[in-house]
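The values are calculated or read from the model by the stated rules, or taken from the named source; none is laboratory data. As the structure is a prediction and not an experimental result, all values here were calculated from the model. Every residue, glycine among them, receives a Cβ derived from its backbone with ideal geometry; neighbour counts consider all protein chains shown.
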Amino acid sequence: MTVTTPALTDAGTRAPSPLVAHVRDYLARLRGGDMGVLPAVLGLTVLCVAFSIMRPRFLTAGNFANLFTQGAAVTIIAMGLTFVLVLGEIDLSAGFASGVCAAVAAVLMDSHGSPWYLATAAALLTGATIGLVIGALVAKLGIPSFVVTLGGFLAFQGVLLMIVENGKNVPVRDSTILAIANKNVTPWLGWVLSSAAIGVYAFVQFSREYRRSRRGLAATPPAITALRVGTVAALVWTAVYALNLERSRNAAVVSLRGVPIVVPVIAVLLVAGTFVLRRTAFGLSLYAVGGNREAARRAGINVDRVRISAFVICSTLAAIGGIVAASRANSVDPNTGGSNVLLYAVGAAVIGGTSLFGGKGRVLDAVMGGAVVAVIDNGMGLMGYSAGVKYVVTGSVLLLAAGVDALSRKRAEAVGLR
């Protein structure tokens, strides 16, 4: 019988198992300042526990569903801002740009009788055009993005007023658009979609690690990958179960069950955005330009094209966020995309872990940060606090997240990771 002995290091000691080595590597990255989405996850957990204790109503199925629809528009706009923030730029016009795009769609449907798909296409085209103009001014003329988008922030308010005729409320009556933020998928379809999504996620995770292992690259141990997939599956299925509970106070008249339609919309955008950032040459170029623009230029990257494209993506996603906001409000008015939309969107991206200094960020960060912002706004609303208190708390959380980012960068530089 052959006995297999553990591998030995150069010093003659036993090498740690792959699982132990992975845990040690993760802890080393944490000590080095690479905290990823961990602060947002911990903050979200603390907030949910605190609000659940202080207001048991926070945990009800109805309020849980409301969290998704309440934070959907801000989260989608934050997804677009992630692309710009990775460059180390900013887009202060994203909020009102979303309002302009929503107004274009609403006016086309209400005043011109356009079908929803043409109105939506026009809104997306408007968003892409806005991003193209902003990106060209920043990349080609060298005007700082803060100045360009601040001008856009002011100008788009005027454009929105002109489109809605100086204060007119434009109703949204199309059933397809209204369904985005006001309807739910059937319970069985929610289970099918969630199970399919988890299956695809598991396949991608295990196949990626298998390919890395076959190539002799460092791979995550199967136990860690299985734990990651199992955790995601448990969270998703728990959410689907909760959302499939009856939320109507009078189920005999109208039933409110199922996952809100806006949730699959966000999920699709999350997958698409993650793929673009992590699995395409454009995404890698985006990180390179955000990390060191001159080095990226010398490496042969078309820096101007990358910067313009990032603003186009940002404004296009802002257009989608505007349509979702119009769906939830059933109308478009001069305040659509205004008020605290931009502040919450930027805050969501930063709170989730996207760096304001560029070179670091994921679309998932925007989703996690959007969840934190929605929980704060919803939970404090249930507790009866005023809008002023909500702004103070949200601003404090944003400052805390920015502080964590700054300290993480200093730590990374100190240990030689940057």
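A residue that is farther than 17 Å from Ala319 by Cα and among the small types (Gly, Ala, Ser) occurs nowhere in segment 115-134. For segment 99-130, filtered to residues that are under 21 Å from the mean Cα position of the chain (by Cα) and within 14 Å of Phe311 (Cβ to Cβ), the residue that is surrounded by the fewest Cβ atoms within 10 Å (Cβ to Cβ) is Ala128. Looking across Ser285, Ser309, Ser315, one residue alone is touching a Phe, Trp or Tyr at 6+ places or on another chain (Cβ under 8 Å) and either among the hydroxyl-bearing types (Ser, Thr, Tyr) or not in a helix (DSSP H, G or I) (or both). It is Ser309. Scanning segment 293-302 for any residue that is surrounded by 18 or more Cβ atoms within 10 Å (Cβ to Cβ), in a loop (DSSP other than H, G, I, E, B) and not basic (Lys, Arg) turns up at least one such residue. Being of a type in the set (Ser, Thr, Tyr) and over 22 Å from the mean Cα position of the chain (by Cα) is true of Ser175. Within segment 291-302, residues that are without any contact (Cβ under 8 Å) to a residue 24 or more places away in the chain and closer than 17 Å to Gly358 by Cα reach partners that are surrounded by 14 or more Cβ atoms within 10 Å (Cβ to Cβ) and of a type in the set (Gly, Ala, Ser) with beta carbons closer than 7 Å, at six or more positions or on different chains, in the pairs Ala296/Ser285; Ala296/Ala288; Ile301/Ser285; Ile301/Ala288. In the set (1) among the polar types (S, T, N, Q); (2) in contact with a Phe, Trp or Tyr (Cβ under 6 Å, 6 or more places away or on another chain); (3) free of Cβ contacts under 8 Å to residues at least 60 places away in the same chain, Gln157 fails one condition alone, (3). Restricting attention to segment 36-57 and to residues that are touching a residue at least 24 places away in the same chain (Cβ under 8 Å) and more than 24 Å from Leu364 (Cβ to Cβ), the residue that is surrounded by the most Cβ atoms within 10 Å (Cβ to Cβ) turns out to be Arg55. Figure legend. Inter-residue proximity from segment 199-217: first residues under 19 Å from Phe275 (Cβ atoms), second residues of a type in the set (A, V, I, L, M, F, W, C) and in a helix (DSSP H, G or I), beta-carbon distance below 8 Å, spacing 6+ or different chains. Indicated pairs: Tyr201/Val229; Tyr201/Val232; Ala202/Val229; Ala202/Ala233; Gln205/Val229; Phe206/Val229. Just so you know, in segment 238-265 the residues that are over 27 Å from Ile320 (Cβ atoms) and of a type outside the set (Ser, Thr, Tyr) include one that is nearest to the chain's Cα centre (by Cα), and it is Leu245. Does any residue of segment 253-262 turn out to be in contact with a helix residue (DSSP H, G or I) (Cβ under 6 Å, 6 or more places away or on another chain), under 22 Å from Gln205 (Cα atoms) and of a type outside the set (Val, Ile, Thr)? No, segment 253-262 contains no residue that is in contact with a helix residue (DSSP H, G or I) (Cβ under 6 Å, 6 or more places away or on another chain), under 22 Å from Gln205 (Cα atoms) and of a type outside the set (Val, Ile, Thr). Residues that are assigned to a helix (DSSP H, G or I) and surrounded by fewer than 24 Cβ atoms within 10 Å (Cβ to Cβ) within segment 342-359 comprise just one, Leu343.
Taking segment 1-109 as the region of interest, the helices (runs of 4 or more DSSP H) fully inside it that hold 1 or more residues being modelled with pLDDT of 90 or more and more than 21 Å from Gly381 (Cα to Cα) are 61-86.
Within segment 151-158, is even one residue part of a helix (DSSP H, G or I), buried (at least 19 other Cβ atoms within 10 Å of the Cβ) and either in contact with a strand residue (DSSP E or B) (Cβ under 9 Å, 6 or more places away or on another chain) or modelled with pLDDT of 95 or more (or both)? For segment 151-158, residues part of a helix (DSSP H, G or I), buried (at least 19 other Cβ atoms within 10 Å of the Cβ) and either in contact with a strand residue (DSSP E or B) (Cβ under 9 Å, 6 or more places away or on another chain) or modelled with pLDDT of 95 or more (or both): absent. Scanning segment 95-116 for residues that are out of contact with any Leu (no Cβ under 6 Å at 6 or more places or on another chain) and of a type in the set (A, V, I, L, M) gives Ala97, Ala102, Val104, Ala105, Ala106, Val107, Leu108, Met109. The residues of segment 238-262 that are in contact (Cβ under 8 Å) with a residue 40 or more places away in the chain and surrounded by fewer than 15 Cβ atoms within 10 Å (Cβ to Cβ) amount to a single one, Glu246. Among residues of segment 328-341 being within 21 Å of Met79 (Cβ to Cβ) and surrounded by fewer than 20 Cβ atoms within 10 Å (Cβ to Cβ), the one that is nearest to the chain's Cα centre (by Cα) is Asn340.
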